[in-house]
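Accompanying notes for the structure given below.
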Amino acid sequence: MLTVYGRSHKFCDGVSRRSFLKIGAFAFGATQFSLADVLRAETSLGKTSHKAVINVFLGGGPPHQDMWDIKTDAPSEIRGEFKPINTNVTGIQIGECFPKIAAMADKFAFIRSVVGARGGHDAIQCTTGREESAFRTMGGWPSMGSLLAKLYGPVDPSVPPFVGLAAVTKHGPWSDSGKPGFLGAPYTAFRPEGNGMSDMKLTGINQAHLGDRKQLLTSFDRIRRDADSNLAMRGTDAATERALDVLMSSRLLDAMDVSKEPEKVRDRYGDGKPYKYQFDGAPTCNDQLLMARRLVEAGARCVTLSFARWDSHGKNFDHVRDHGAKLDQGLTALVEDLDARGMLNDVTVIAWGEFGRTPRINKEAGRDHWPQVSCALLAGGGLKTGQVIGSTNRLGEHAATRPVTFSEIFATLWHAIGVNPETTTINDPTGRPQHLVDGRVMQELV
């Protein structure tokens, strides 16, 4: 929101101004900070080419054995209702609810043996690659988006490097876009909340009084003259002007306005409606997958979102039929779109949840929590796709071959976006350099 106070104000540094412009009240986690605060705190330590990651969190715990790891040889109380279907890669079969992904399986890597889930109903391991306890006494380990914002800053000054699109959910942890940890609130994801992007609107002022951009910047010049003798005030003005650039630029607003896409493109993604089995979780937000592509194209380095509610203690197969079909449509549209635009080698897409679900079907036709093993789906980033990595035993209870940890997946994501996880470090609050992730890059994918 934009607020202009017209009368003179006295600040703690003793400088009076005729006008004070405050750009802020964007939602950053549980605390509100001005966008100027974020931009002021940004540090750019050198920029790589514009590579990016789109992290699709399947909040609630998707059932691995109903998606990418159908257990054909298991008894019916384990196997469930779905049959495997062939893909366009010889020897790879996946669940029948994902025919579009099956038709372009050469663009995906299916990890069937993710281990190490701590069992929490949250996105922490899927945004950081570490457990919740990591660096807790210092504020927690930062999410990938926050680290990218700190290490490399924005690609475009008017587009935040880290954008969180996750809709607000009744179970709050499922709408976590990734916390900044010990980096602090300035590196929280930019979250455009509310219907119609209400955070992107200028409020608290009659826009007729705002005038055009040139007139507003002229008013900044007057403020600079008033504060000419005060270096701190001039620094504040510079950060505020950059914040204004974000609000006044059409680039970010345009990126978030999917209505600007041709109708046939929007139809390919779908809108995910009607929302079914949402309860306390996220909607099936297919339009956010399209928005994520547009944001990356505009300059975002990391976009996160939460897709559907997969906590299927009851009616598991109905959940998968609904959520799976919509995810099948949206993900394939995203990967095809990135490929057609020449972006697929630079943008890594991952879809995964916090844990898997029980092999045995319960009396409510549901599957319960199963942190012993889960799954992940990757595309893009120049990775070697068209393959399955790992396997579970006949009943889908645990990893039988090639167990893959969250930290290994994150090391691979860092590698795919052009960052060497073995040599790149970030200083913790004590000044000690820390590696971005504990795991090693998955050699099967690079």
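The values are calculated or read from the model by the stated rules, or taken from the named source; none is laboratory data. Predicted, not measured: the structure shown is a model, and the values here were computed from it. Cβ: placed from backbone, ideal geometry, glycine included. Neighbour counts: every protein chain shown. Accessible surface areas use protein heavy atoms only, side chains included; no ligands, DNA or RNA. Shrake-Rupley method; radii C 1.70, N 1.55, O 1.52, S 1.80 Å.
When restricted to residues that are open to solvent by 10 Å² or more (accessible area, probe 1.4 Å) and either closer than 30 Å to L151 by Cα or assigned to a helix (DSSP H, G or I) (or both), the stretch 305-316 contains 0. Is it fair to say V441 is open to solvent by less than 50 Å² (accessible area, probe 1.4 Å), β-branched (V, I, T) and over 28 Å from R309 (Cβ atoms)? The answer is yes for V441. Note on the stretch 107-155: residues that are on the phi > 0 side of the Ramachandran plot and touching a strand residue (DSSP E or B) at 6+ places or on another chain (Cβ under 9 Å) total 4. A search for C-beta distances below 6 Å between a residue of the stretch 402-416 that is touching a residue at least 60 places away in the same chain (Cβ under 8 Å) and any residue that is open to solvent by less than 10 Å² (accessible area, probe 1.4 Å) and of a type in the set (S, T, N, Q), counting only pairs 6+ apart in sequence or on different chains, returns R402/S113; P403/S113; V404/S113; L413/T348; A416/T348. Taking the stretch 393-423 as the range and being open to solvent by less than 10 Å² (accessible area, probe 1.4 Å), among the β-branched types (V, I, T) and more than 27 Å from I361 (Cβ to Cβ) as the test, the residues that pass are I409, T412, I417, V419. Could you tell me whether the stretch 390-402 includes any residue that is β-branched (V, I, T) and within 22 Å of D368 (Cα to Cα)? Within the stretch 390-402 (the criterion being β-branched (V, I, T) and within 22 Å of D368 (Cα to Cα)), the answer is yes, since at least one residue qualifies. Any chance the stretch 179-187 includes a residue that's modelled with pLDDT under 95, touching an Asp or Glu at 6+ places or on another chain (Cβ under 8 Å) and in a strand (DSSP E or B)? No, that holds for no residue. Within the stretch 331-347, residues that are open to solvent by 10 Å² or more (accessible area, probe 1.4 Å) sit with their Cβ atoms under 6 Å from residues that are in a loop (DSSP other than H, G, I, E, B), at 6+ positions apart or across chains, in these pairs: N345/G382; D346/K51.
The criterion of at least 2 residues that are open to solvent by less than 30 Å² (accessible area, probe 1.4 Å) is met, among strands (runs of 3 or more DSSP E) falling completely within the stretch 51-121, by 52-57, 93-95, 108-115. E131 fails exactly one of the following numbered conditions: (1) more than 16 Å from the chain's Cα centre (by Cα); (2) not hydrophobic (A, V, I, L, M, F, W, C); (3) not in a loop (DSSP other than H, G, I, E, B). What is the number of that condition? E131 satisfies all of (1) more than 16 Å from the chain's Cα centre (by Cα); (2) not hydrophobic (A, V, I, L, M, F, W, C); (3) not in a loop (DSSP other than H, G, I, E, B) except (3). Against the conditions (1) under 28 Å from H369 (Cβ atoms); (2) surrounded by fewer than 19 Cβ atoms within 10 Å (Cβ to Cβ), P157 satisfies every one except (1).
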